[in-house]
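Colleague: Here it is: the structure, laid out below.
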Amino acid sequence: MQATADSTKMDCVWSNWKSQAIDLLYWRDIKQTGIVFGSFLLLLFSLTQFSVVSVVAYLALAALSATISFRIYKSVLQAVQKTDEGHPFKAYLELEITLSQEQIQKYTDCLQFYVNSTLKELRRLFLVQDLVDSLKFAVLMWLLTYVGALFNGLTLLLMAVVSMFTLPVVYVKHQAQVDQYLGLVRTHINAVVAKIQAKIPGAKRHAE
């Protein structure tokens, strides 16, 4: 029963975002992906030069400048042409943007599922339920200390965004070669893990 409930909660997230994310990351709509990718890059580059407060303020001022200018332009145009088209943003002002109780509950349940899953996984790693997995996690954290010394958070986020929008396309174009190298790496890692499990007492996985 619990597994079924967890699966349902997982589906409620992927059903909404998976197809849109895949379309964006694989550049199936070049114009849409370009706008999203460019917006992310502009925002991140701005954050490397200015504080979060300044970036938010500048973005708000830019948006207000555009909407106010357009509002005044349409008002003057209507006065000159003696037309009564109404407010230029009327359709957007009347658009329903509130979240229903069902939607709030849906996203809350999804968030709760991921938070609980993350907490359980961290507990498993830190309390060494599986020695090999905890050692892998320790090695990862050790490597991240060096990464953190070389790059700050914004730089890492910028690199992650660029990778997200480039690596999937590269993989599709060179899938055979990439799969071959990944297979070799996976085989080598599995061999090393098997040796560690054979030499360290209690390192083998135990059934729950």
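The values are calculated or read from the model by the stated rules, or taken from the named source; none is laboratory data. The structure presented is a predicted model; accordingly, all values stated were derived computationally and were not measured. Here the Cβ positions follow ideal geometry from the backbone for every residue, glycine too, while neighbour counts run over all protein chains shown. Please note that ligands, DNA and RNA were not included when accessible areas were found on the heavy atoms of the full protein model with its side chains. Shrake-Rupley method; radii C 1.70, N 1.55, O 1.52, S 1.80 Å.
Colleague: Leaving out same-chain residues fewer than 8 places away, which lysines sit with a Cα under 21 Å from that of LYS74?
Modeller: Once the sequence-local lysines are set aside, what remains near LYS74 is LYS82, LYS90.
Colleague: Taking each full run of DSSP H in the chain as one helix, which ones are at least 27 Å long along their axis (Cα atoms) and have mean Kyte-Doolittle hydropathy of at least 0.0?
Modeller: 30-49, 52-81, 131-150, 153-173, 175-199
Colleague: Further question on the same structure: With an 8 Å Cα cut-off and a minimum separation of 6 or more residues, compute the relative contact order for the chain in percent.
Modeller: 34
Colleague: Around ALA79, what is the net charge, scoring Lys/Arg as +1 and Asp/Glu as -1 over all other residues with Cβ under 14 Å from its Cβ?
Modeller: On the way: positive: ARG71, LYS74, LYS82; negative: ASP84, GLU85.
Taking every Cβ under 14 Å from that of ALA79, the sum is +1.
Colleague: Grab the Cα-Cα distance for LYS136 and TYR92, subtract it from 0.36 nm times how many residues apart they are, and report the gain in nm with one decimal. Don't skip to the answer; put the middle values down first.
Modeller: Numbers: separation 44, 0.36 × 44 = 15.84 nm, distance 5.08 nm.
Difference between extended and current length: 10.8 nm.
Colleague: Sticking with this one: Suppose the chain between TYR114 and PHE126 were pulled fully straight at 0.36 nm per residue; how much longer would it get relative to their current alpha carbon spacing?
Modeller: Here the answer is 2.5 nm.
Colleague: From the helices alone, meaning DSSP H stretches of at least four residues, give me the mean residue ellipticity at 222 nm for the chain, per-run term -39500 (n - 2.57), in deg cm²/dmol to the nearest 500. Write down the numbers at each step before the final one.
Modeller: Values: 8 runs with 170 residues, N = 208.
Estimated from H runs of four or more residues: -28500 deg cm²/dmol.
Colleague: Just the number, please: carbon plus sulfur as a percent of the accessible area of the chain, 1.4 Å probe, no ligands or DNA/RNA counted.
Modeller: In the chain, the share of accessible area belonging to carbon and sulfur is 68 percent.
Colleague: Over the Cα atoms of the stretch 103-145, what radius of gyration and what Dmax do you get, in Å?
Modeller: 14.1, 41
Colleague: Moving on. To the nearest Å, what is the center-to-center distance of the stretch 43-98 and the stretch 121-175, using C-alpha atoms only?
Modeller: For the stretch 43-98 versus the stretch 121-175, the Cα centre distance is 39 Å.
Colleague: Still on this structure, I have one more. With a 1.4 Å probe and every protein chain left in place, work out the accessible area per residue of the chain in Å², rounded to a whole number.
Modeller: 79
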